[in-house]
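Enquirer: Could you have a look at this structure, given as structure tokens, before my questions?
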Amino acid sequence: MDKLKVVILCGGKGTRSYPFTDYFPKVMMPIDGSPILVHLMRIYAQQGFKNFVLAVGYRKEILYDYFAGRFPEWNVEIVDTGPDSDTGERVFKCRDFVGDTFFATYGDGLGNVNLHELLSQHRAHAGLATMTSVPLRSQYGLVHFGMDGRVNLFEEKPIIADYWINAGFFVFNKECFDEWSGNNLETDILPHFASKSTLYTYRHYGFWKSMDTSKDQQELEKIFAKEGAVWAKIGNND
């Protein structure tokens, strides 16, 4: 078992997933009866990374209760990072629980990321952080038609070529905390690292989907019913 820690952000209120998140943390939204958080942890665990640091906040007591006595094959530490902390603050508050290099990710995104390739790429450069990026997929279908206005075909939620988005699945060096600036990971910390030329990206071409809303949860349920846990089928990055 690899000793690298995996920090997972579990403390947000998930207001776009109402009404589920009135009662539960967003990371407890189920897919086939298991919380999305557990599906995410299994991605790491099956690749040998079984040391988890859960950065909790909102409805933290549910996560303390859920992981008490469960998954003895994993080492799960739960860190209370506060109910109102931003994403960057939550990672920063876990700094005493990680080693020289560590993984971090959001608690609501699933992807069949090859974590060993990601880690290898991170160790090959001199930066402080590596962020996994995926091609942007349109949330809408496209209509294709000719000059005369006649519709030729519909293209359902296509990938937008040459545009990439942040998919989480980060690797950080611990010295990144010396350069930590701001509270929000996406608008403060990562742009700051980029301005210092210390942020790199690992491009992932396989499956990835986030669970931002109840509709996303329903779509992931449909994917599981049809194809199983495709996010756990790690292969080559193509």
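The values are calculated or read from the model by the stated rules, or taken from the named source; none is laboratory data. Everything quoted here is computed from the prediction, not taken from an experiment. A quick note on method: Cβ atoms are made from the backbone with ideal geometry, for glycine too, and the neighbour counts reach across all protein chains shown. Just the protein is used for accessible areas: all its heavy atoms, side chains included, with ligands, DNA and RNA removed. Shrake-Rupley method; radii C 1.70, N 1.55, O 1.52, S 1.80 Å.
Enquirer: Just to be sure I understand the filter: pairs with C-beta atoms under 8 Å, separated by 6 or more residues or on different chains, first member in segment 209-229 and without any contact (Cβ under 8 Å) to a residue 60 or more places away in the chain and over 22 Å from residue 9 (Cα atoms), second member of a type in the set (Val, Ile, Thr) and in a helix (DSSP H, G or I). Which pairs pass?
Expert: Listed pairs, sorted by first residue: 223/230.
Enquirer: Within segment 150-172, which residues are at positive phi and surrounded by 15 or more Cβ atoms within 10 Å (Cβ to Cβ)?
Expert: Passing the criteria: 168, 169.
Enquirer: Let me confirm something: among 58, 23, which residue is open to solvent by 30 Å² or more (accessible area, probe 1.4 Å), in contact with a Gly (Cβ under 9 Å, 6 or more places away or on another chain) and of a type in the set (Ser, Thr, Tyr)?
Expert: Matching residue, one of 58, 23: 58.
Enquirer: Specify which of the listed residues (227, 179, 186, 175) is touching a strand residue (DSSP E or B) at 6+ places or on another chain (Cβ under 8 Å) and open to solvent by 40 Å² or more (accessible area, probe 1.4 Å).
Expert: Details: 227 fails: touching a strand residue (DSSP E or B) at 6+ places or on another chain (Cβ under 8 Å); 179 fails: touching a strand residue (DSSP E or B) at 6+ places or on another chain (Cβ under 8 Å); 175 fails: touching a strand residue (DSSP E or B) at 6+ places or on another chain (Cβ under 8 Å).
Every option except 186 fails the conditions.
Enquirer: Still on this model: Restricting to segment 44-63, give me the number of residues that are of a type outside the set (Lys, Arg) and part of a strand (DSSP E or B).
Expert: 8
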